[in-house]
Structure formats: structure tokens, C-alpha cells
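The values are calculated or read from the model by the stated rules, or taken from the named source; none is laboratory data. Computed from a predicted model, the values in this text were never measured in an experiment. Don't worry about glycine lacking a Cβ; one is built from the backbone with ideal geometry, like all the others, and counts go over all protein chains shown. When the accessible area is computed, the model is the full protein with side chains, heavy atoms only, and any ligands, DNA or RNA have been set aside. Shrake-Rupley method; radii C 1.70, N 1.55, O 1.52, S 1.80 Å.
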Amino acid sequence: MAGCGAPWWCCCCPCCGERESRTPEELTILGETQEEDDEILPRKDYESLDYDRCINDPYLEVLESMDNKKGRRYEAVKWVMVFAIGVCTGLVGLFVDFFVRLFSQLKFHVVQTSVEECSEKGCLAMSLLELLGFNLTFIFLASLLVLIEPVAAGSGIPEIKCYLNGVKVPGIVRLRTLVCKALGVLFSVAGGLFVGKEGPMIHSGAIVGAGLPQFQSISFRKIQFNFPYFRSDRDKRDFVSAGAAAGVAAAFGAPIGGTLFSLEEGSSFWNQGLTWKVLFCSMAATFTLNFFRSGIQFRSWGSFQLPGLLNFGEFKCSDSDKKCHLWTAMDLGFFIMMGIVGGLLGATFNCLNKRLAKYRMRNVHPKPKLVRVLESLLVCLTTTVVVFVASMILGECRQMSSTNPSGNSTLSLQGSSSEDVNSSIKTFFCPNETYNDMATLFFNPQELAILQLFHQDGTFSPVTLSLFFLLYFLLSCWTYGSSVPSGLFVPSLLCGAAFGRLVANLLKSYIGLDHIYSGTFALIGAAAFLGGVVRMTISLTVILIESTNEITYGLPIMITLMVAKWTGDFFNKGIYDIHVTLRGVPLLEWETEVEMDKLRASDIMEPNLTYVYPHTRIQSLVSILRTTVHHAFPVVTENRGNEKEFMKGNQLISNNIRFKKSSILTRAGEQRKRSQSMKSYPSSELRNMCDEHIAPEEPPEKEDLLQQMLERRYTPYPNLYPDQSPSEEWTMEERFRPLTFHGLILRSQLVTLLVRGVCYSESQSSTSQPRLSYAEMAEDYPRYPDIHDLDLTLLNPRMIVDVTPYMNPSPFTVSPNTHASQVFNLFRTMGLRHLPVVNAVGEIVGIITRHNLTHEFLQARLRQHYQTI
């Protein structure tokens with residue numbers, strides 16, 4: 001198997017009878033399931049990024065022409081691009097934050113005025129209709145934007161995690177996606193849904209990182225400059241890593257946390273020189289957003305008071321209370337218990353959301369797109385009604401005090417004045433000198449509600465906190481996954497903060513622990529619940545420490561997150577990993593299980609290869625490209641003269657023959673099938689060795705054919721030129737020849753050679769073939785032409801293409817006896833797309849791609865291994 005890892009039969013749609021007759025192992029390899037309730041297995045139509053450099057002749061020419069001066073210039077351009085990515089990501093965050101504040105203030109001002117008037121006149125239904133009008137309008141606009149670009153739905157973190165792991169998700173880093181994402185999350189948050197804008201900021205930053213260094217856009221084709229740099233998956237993935245880190249830094253004011261997020265959650269392989277660039281990009285995003293937000297909000301240009309979109313404020317005890325401490329060693333026991341509960345709550349949240357996502361996949365997504373809009377409007381309608389009714393009926397009217405009821409806490413909010421905090425107190429449906437604690441949480445922006453839970457002491461009753469947590473938990477679970485751009489960080493933090501404040505209230509009221517600091521418990525509760533949902537550890541610890549600006553919280557936050565992760569992992573995966581699995585993306589884990597070392601490379605490789613010769617006719621290349629879905633092809637020559645000698649006494653070769661036994665009889669049938677499908681190229685030289693199911697009545701003949709093949713005396717292959725095309729009259733042993741491996745060539749490279757007419761006639765030497773430069777080979781990146789859309793009538797099908805200057809002559813390879821864990825580590829660490837399996841004498845016996853290393857595929861092969869034993 002070559003290319004994206006999809007065998008030839010992945011595009012076929014088997015009938016129900018064939019599907020029912022397959023074994024579970026075959027269904028696993030095919031990426032299918034027997035029942036709707038089964039786990040969704042990785043799909044075969046996802047392409048992989050190629051992080052490994054193709055060191056061919058055009059690339060070497062670039063290296064030879066690059067002196068120290070050009071090298072320094074290239075590095076300087078990369079640093080400028082990294083800085084520009086950070087600045088642009090900060091500006092995107094500024095845009096979203098400014099309009100969210102503008103729309104939210106307008107909405108809350110109109111609704112608050114209406115509620116205050118209607119509380120006396122008895123027309124609260126009119127206030128509810130006004131609130132519904134605002135929210136439904138905003139959510140309708142957000143849903144329309146998702147219809148334009150469906151990839152803009154959700155937070156985008158699962159998709160960016162897949163991209164950084166080495167998987168191409170279609171449309172994920174397009175400019176149109178950025179526009180729909182930024183505008184959509186603006187309307188989603190302003191529309192009152194329980195979503196955050198911090199998660200989509202990570203996606204937005206990644207899109208900026210992918211598009212800005214390219215200086216071109218697929219959506220807007222007029223945006224294109226002659227900029228020859230960074231035309232490879234390697235450079236693009238590095239810039240996406242920097243953009244994702246910048247998004248985290250802009251969202252939380254945490255540049256170090258953003259760098260660690262890109263390293264921990266996304267990148268399956270990491271360029272050591274990239275670390276400093278990613279941190280620099282994160283710093284640029286943080287201070288760009290800080291500079292403009294501080295200037296706009298406080299009219300204090302040049303000051304830096306608002307480091308991120310989400311500000312946790314300053315945690316400190318009152319100067320008058322000498323017994324108050326932020327936390328003590330005794331509190332660690334409570335923090336561990338909160339971590340366990342947070343892990344359980346997070347696992348419950350993920351389980352419910354997974355079931356809901358599967359329901360959407362079966363019953364909502366297959367229907368017309370308007371149904372998705374209606375679902376989003378239903379979520380908005382329910383959320384608005386619940387918020388309004390809960391504030392009117394379930395809220396408690398509590399006495400308003402000029403000072404904090406408890407002396408162990410003071411309100412100290414960075415970048416917020418006391419007037420802003422006092423104005424956030426809502427008196428809905430309450431008499432004078434009292435306020436509604438439930439409305440104070442629901443009728444404020446989520447960031448301000450988090451600040452109140454962190455820093456206001458004695459403000460919310462246990463009943464209010466319990467009801468608020470329950471309602472927010474259910475509604476945010478329902479909202480995440482709907483067809484609107486939505487983040488999960490802020491809802492999770494708000495749920496967890498309410499849980500932490502509830503724990504603090506109970507400890508104070510029933511156990512008598514008056515010395516505890518409620519804000520610390522709210523912060524630990526937020527960390528516990530968020531950690532239980534997303535299962536992040538290192539990066540989330542640093543993000544929370546940077547957001548609080550309090551290093552003393554490092555130990556309790558780290559312990560809480562570890563406990564929450566361990567507890568949640570006992571039941572299910574993190575929410576982002578769950579949605580990655582539901583999409584069927586072949587994500588590679590950090591490492592394989594120990595028992596996978598029972599498998600070798602020969603057990604997991606695909607032995608049926610589609611290959612090309614160093615010199616191949618155009619008609620053959622066109623046939624190969626049009627009849628396969630592979631994205632890379634081994635370049636081989638047939639070594640017939642030495643086959644007999646190779647087989648004598650060589651264990652590796654005998655093993656190789658054993659691996660090929662099962663597919664010998666099926667090659668003729670497959671060749672006939674391919675020949676019939678290539679009527680336009682009847683004399684094709686395509687050597688396709690794809691496998692079919694072996695008929696049960698043919699095993700005796702197979703042994704005879706194998707023996708004949710081993711005993712037959714071969715004549716040397718005449719030359720490298722494809723003068724003798726394979727035909728249906730070839731005997732089985734003529735088709736089955738040892739293939740000496742020379743390199744790999746990509747589908748995109750072959751298409752580029754055909755488009756540009758790189759070929760020579762049979763009467764000429766290969767040196768007369770036109771040569772392409774590296775810039776010409778990469779000119780169409782990242783959207784290379786499709787072979788089915790090309791008009792190749794002007795090309796003579798008998799012309800020959802010399803692919804050797806453009807192939808990768810030295811890709812990473814492994815031996816058939818290499819353990820699966822070693823194969824996995826090499827593939828993941830080096831960011832490979834294809835890994836040829838070559839025996840001791842240089843003969844290619846198979847190829848390994850990402851799909852051969854997924855957990856599900858390895859489990860299926862391990863079960864087959866046990867059955868064989």
C-alpha cells in the first residue's frame with residue numbers, strides 16, 4: 001500500500017451481504033463497523049502531512065546555490081513571519097473581543113431596562129421576548145456562517161490537534177474558515193449560548209499561521225504574490241504550531257502555556273529550533289492584544305493591563321485578616337478529593353456529549369442543512385428561557401452590603417474598576433437594597449461571572465450554586481457540538497468555579513473551616529472540572545498559573561489536574577480526543593502498548609504495492625494515477641537475475657516469500673480487472689499488485705506455482721526502459737519478481753511532471769528531458785491539479801518520463817523484522833508519511849503509512865497474530 005494508506009478497495013461500497021460476512025478484524029482494517037453503537041474506526045480518506053524533506057535533485061540545487069548570506073536572509077524572513085503571525089492573531093482576538101463586548105452591552109442594557117420597568121408593570125413576558133429576539137438573531141447569523149463553511153463549527157481544537165499530529169483535515173486552515181470562525185464565535189457568545197471565544201481563538205491563530213506565510217488564498221484567488229518561500233508541509237506545519245500557540249497566548253495571556261499547548265496537545269513531532277520561534281510568536285500575540293485592549297478600554301495607550309481575553313484577576317487576602325492564607329498544606333487533601341470529583345464530572349460530561357454527537361451524526365447531519373440551523377435555534381431558545389426563568393424563580397434575593405460579608409477576602413480585580421464590579425450586581429425581581437444572586441451569574445458575561453466566583457465572598461448561596469452548576473453543566477454539554485462556533489474552556493471554568501465555591505461554602509458552613517480562601521477553592525474547582533473534560537496537564541497547569549499571576553498555585557493546580565486526568569481516563573477519553581475519534585481521523589498516540597512488540601513490520605505493512613520504474617511511459621503513469629488513490633509510489637527495478645541466489649539460505653528472503661504467498665494467486669485477477677478499466681491505455685505498464693480475497697478452492701495450485709517460481713531459471717531483465725508492457729498472458733511467476741528499491745516519488749510530483757511536459761522520446765537520451773527547479777515543483781502547493789481534471793491529449797503516450805531526478809532517493813526505511821514499537825516511534829518522531837519496508841538485499845517488500853499504525857489497526861493485527869499462534 002502506498003500514499004495515504006488506503007488500499008484500492010477503500011473507495012468501494014460493499015453490499016450488505018458482503019459486509020455481514022466479514023470478520024471483526026476485516027471490518028477494523030476497512031474502517032467499518034457492524035452496528036451503529038460500535039466505535040467509529042479511522043477512515044482511510046484522510047491524507048497525511050509530509051514532514052520529511054524530499055532530498056531530490058531540485059532540492060540539492062537550492063542548497064548548492066544557498067550561501068551563508070541567503071541562509072541568514074531565509075531565517076530572517078521566517079522570524080518576520082512568526083512575528084507577523086503573532087500580531088495578526090492578537091488583532092483577530094481584539095476584533096472578536098471588541099464586538100462581543102459591544103453587542104453584549106447593548107443586549108444587557110436593553111433587557112435590564114425592560115426587566116426593571118416590567119417588574120412593576122407586570123410585563124416580564126415582553127422582556128423575555130426582547131431577550132429572545134437578540135439571542136435568536138445572533139445565533140441565526142452564527143449558524144448561517146457555519147453553513148457557508150462547516151469546518152468553522154465547534155472550537156476547532158480537535159481539528160488543529162489532528163493537523164499538528166500530521167493529518168490533513170480538508171478546509172481547516174482556509175481563509176474563509178477564519179472569517180466564518182471569527183464572525184461566528186462573535187455572534188455565538190453575544191447570543192447567550194454557553195460557549196467561549198477562547199477555544200476558537202486557537203483555531204483562528206492556526207489559520208493565520210497557515211495562510212500568512214503563503215501570501216495566497218484559495219478562497220480569494222486574487223490574493224496571490226510571488227513569494228517562493230515556505231512551500232512545503234514542513235514549513236506550513238511549523239507555522240500552524242506557532243499560530244495555535246499564539247491563539248492560546250491571546251486567549252489567556254499565557255505565552256508559555258501556549259507554547260506548551262502546541263507541544264503537548266498538538267505536535268506529534270517537534271523541531272527543536274521551533275521552540276524559540278513559537279514562544280516569540282506567543283509573546284507577540286499577547287502583547288499586541290494587551291496593548292490595544294488596554295488602550296481602548298482604559299484610554300491608557302502604552303500600558304499593559306489586560307494580558308488576555310480571559311482575566312482571572314489577582315488573588316490575595318485582606319490586609320486586615322492575618323489568619324488568611326491562599327492555601328495551606330491541609331487543603332491539599334481537599335484539592336485531591338476535588339480532583340477526583342472533577343474527573344468523574346468530566347467523564348460524565350464527555351460521555352453525554354459523545355452520545356449526543358453520535359445522535360447528531362445519525363439524525364441531524366444527514367438531513368438538509370436547515371435542520372442544523374433549527375437545532376442551534378432550539379438550543380438558543382431553551383437556554384434563554386431557562387436563564388430567564390431560573391433568574392426569576394430560583395434566584396435568592398440577598399442583602400446588598402457595601403463591604404464584603406467576610407473579612408478574609410477582598411475584591412481585587414486587575415484591569416477592572418469597583419464601579420464595573422458593582423454594576424455587575426443584578427437586582428432583577430428583587431426589592432430595594434437586595435440583589436438576585438442567580439441573575440448576577442446568568443445576566444453577565446461569562447468572564448465577569450468567573451471573576452465573581454473567584455473573588456466575591458459570601459455572595460452566592462449553596463442552593464444557587466448547585467442549581468447554577470447543574471443547569472450550566474447540562475446546557476453547555478448540549479451546546480458543544482451544535483452547528484455554531486463554540487469554545488469549551490470558559491463554560492468548563494465557570495462550571496468548575498461554581499463547584500469549587502460550593503465546596504468552600506459547605507466546608508465553612510458545616511465543618512467550620514473559616515480560614516479557607518473561597519477564591520482558591522473556586523480556582524481549584526475550575527481546574528478540576530476543566531482537567532476532567534479536556535485531560536490536559538502540563539500546558540493547562542502553566543496556563544492557569546499565568547492567568548492567575550500567582551506562582552504559589554502551581555503545586556495545587558498540578559496535583560488537581562493530574563488526579564482529574566487519571567480519574568477521567570479510567571472511564572473515557574478527553575473531549576477533544578472523543579471528537580477526533582468520531583470524525584474517524586487516524587490520530588497517532590504518544591506511544592504504543594507494550595504488547596504491540598509482538599508484532600513486526602512485516603505483520604503491519606501493506607505488501608501489495610503499486611510501483612513505477614525509473615523510466616516509465618506517460619501512458620503508464622496516467623493509468624497508475626487514474627486508477628489508484630495512493631499518494632506515493634516506490635521507484636523500483638526488477639532484479640530477476642539474482643533472485644535464485646538471494647533465496648538460498650537467506651532467512652529474510654524466505655520470510656519475504658512467505659509474506660507474499662497469500663497474494664500470488666490474486667494478482668492475475670486484479671491485473672485483468674485493472675486492464676479492463678483502462679480502455680484508453682490498453683498497453684499500460686501498470687504493475688498493480690493489489691490483493692483480492694483468495695478463493696478457497698485454489699490453495700493446492702498455489703503451492704505448485706510457488707515451487708515453480710522458486711525453481712525456474714530467470715533470464716536477466718533487458719533494461720530499465722519499459723519496452724515490454726505487462727499483459728494478461730504473463731504467467732504468475734512473471735508477474736511476481738523481486739523489486740530493488742531506489743526511492744519514493746509522490747503523486748503530486750508525478751502530476752507536476754505531466755502538466756509541465758517533462759519527458760523525452762524513445763529515440764533520445766534521458767538527458768534531453770527538461771529539468772524543473774524546486775520553485776517550479778512547488779509552485780502549485782498546496783493544491784496540486786487532479787489527474788482526472790487534466791487534459792493530456794497533447795502529450796504523446798509513448799513518451800518516457802525519467803523520475804529519478806525528482807524522487808526521494810533516501811527515505812527512511814525499516815527491516816521486515818523491526819518491532820512495531822520501533823516502527824511507530826520512528827514514524828511519529830520523524831513525522832513521516834510513508835515508511836518503506838526493505839529487506840537485507842534492498843528489495844522492497846511492503847510499505848507502512850499512518851493507517852497501519854493506528855491503535856485500531858494494530859489491535860486487529862494483534863488479534864490475527866494470536867489466532868495464528
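Of note:
- Evaluation of V580 against (1) touching a Leu at 6+ places or on another chain (Cβ under 7 Å); (2) farther than 30 Å from K358 by Cα; (3) aliphatic (A, V, I, L, M) (one fails), failing number: (2)
- Residues within region 459-485 that are touching a Leu at 6+ places or on another chain (Cβ under 7 Å), within 23 Å of F252 (Cα to Cα) and of a type in the set (S, T, Y), tallied: 3
Yes/no per residue for (1) modelled with pLDDT under 90; (2) open to solvent by 40 Å² or more (accessible area, probe 1.4 Å); (3) part of a helix (DSSP H, G or I):
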residue: Y359; (1), (2), (3): no, yes, yes
residue: C380; (1), (2), (3): no, no, yes
residue: T383; (1), (2), (3): no, no, yes
residue: V387; (1), (2), (3): no, no, yes
residue: G407; (1), (2), (3): yes, yes, no
residue: L411; (1), (2), (3): yes, yes, no
residue: Q414; (1), (2), (3): yes, yes, no
residue: D420; (1), (2), (3): yes, yes, yes
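- Counted residues, region 535-546 - those being assigned to a helix (DSSP H, G or I) and either open to solvent by 10 Å² or more (accessible area, probe 1.4 Å) or in contact with an Asp or Glu (Cβ under 7 Å, 6 or more places away or on another chain) (or both): 6
- Taken together, the criteria exclude V77 from residues that are assigned to a helix (DSSP H, G or I), touching a helix residue (DSSP H, G or I) at 6+ places or on another chain (Cβ under 9 Å) and without any contact (Cβ under 8 Å) to a residue 40 or more places away in the chain.
- Candidate set: region 190-209, residues that are in contact with a strand residue (DSSP E or B) (Cβ under 7 Å, 6 or more places away or on another chain) and closer than 11 Å to V484 by Cβ; chosen: the one surrounded by the fewest Cβ atoms within 10 Å (Cβ to Cβ): V195
- Flag for D45 being in contact (Cβ under 8 Å) with a residue 24 or more places away in the chain, of a type in the set (D, E, K, R) and open to solvent by less than 70 Å² (accessible area, probe 1.4 Å): no
- Boolean, G519 is open to solvent by 10 Å² or more (accessible area, probe 1.4 Å) and over 14 Å from I336 (Cα atoms): no
- The one condition in (1) surrounded by fewer than 19 Cβ atoms within 10 Å (Cβ to Cβ); (2) within 21 Å of the chain's Cα centre (by Cα); (3) not aliphatic (A, V, I, L, M) that Y576 fails to fulfil: (1)
- Some residue of region 362-371 being over 27 Å from the mean Cα position of the chain (by Cα), more than 13 Å from S143 (Cα to Cα) and open to solvent by less than 80 Å² (accessible area, probe 1.4 Å): no
- Residue within region 589-602 that is open to solvent by less than 10 Å² (accessible area, probe 1.4 Å) and touching a strand residue (DSSP E or B) at 6+ places or on another chain (Cβ under 7 Å) present: yes
- Search result, residues across region 821-869 that are over 17 Å from G166 (Cβ atoms), not in a helix (DSSP H, G or I) and not aliphatic (A, V, I, L, M): P836, N839, G842, E843, G846
- Residues being among the polar types (S, T, N, Q), within 30 Å of R756 (Cα to Cα) and part of a helix (DSSP H, G or I) - total across region 580-631: 4
- Only one of the listed residues (S768, S815, S810, S763) is open to solvent by 30 Å² or more (accessible area, probe 1.4 Å), within 21 Å of H615 (Cβ to Cβ), of a type in the set (G, A, S) and at pLDDT 85 or above. That residue is S810.
- Residue in region 77-98 that is in contact with a Cys (Cβ under 6 Å, 6 or more places away or on another chain), hydrophobic (A, V, I, L, M, F, W, C) and open to solvent by 30 Å² or more (accessible area, probe 1.4 Å) present: no
For every residue, the table says whether it meets (1) of a type in the set (A, V, I, L, M, F, W, C); (2) touching a helix residue (DSSP H, G or I) at 6+ places or on another chain (Cβ under 6 Å); (3) open to solvent by 60 Å² or more (accessible area, probe 1.4 Å); (4) assigned to a helix (DSSP H, G or I).
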position: M338; (1), (2), (3), (4): yes, yes, no, yes
position: G343; (1), (2), (3), (4): no, yes, no, yes
position: N350; (1), (2), (3), (4): no, yes, no, yes
position: L356; (1), (2), (3), (4): yes, no, no, yes
position: S376; (1), (2), (3), (4): no, yes, no, yes
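- Scanning region 819-827 for any residue that is of a type outside the set (S, T, N, Q), closer than 22 Å to T616 by Cα and crowded, with 16+ Cβ neighbours inside 10 Å turns up nothing.
- Criterion applied to Q452, Q446 was being open to solvent by 10 Å² or more (accessible area, probe 1.4 Å) and either closer than 27 Å to L507 by Cβ or at pLDDT 90 or above (or both), and the one residue passing it is Q446.
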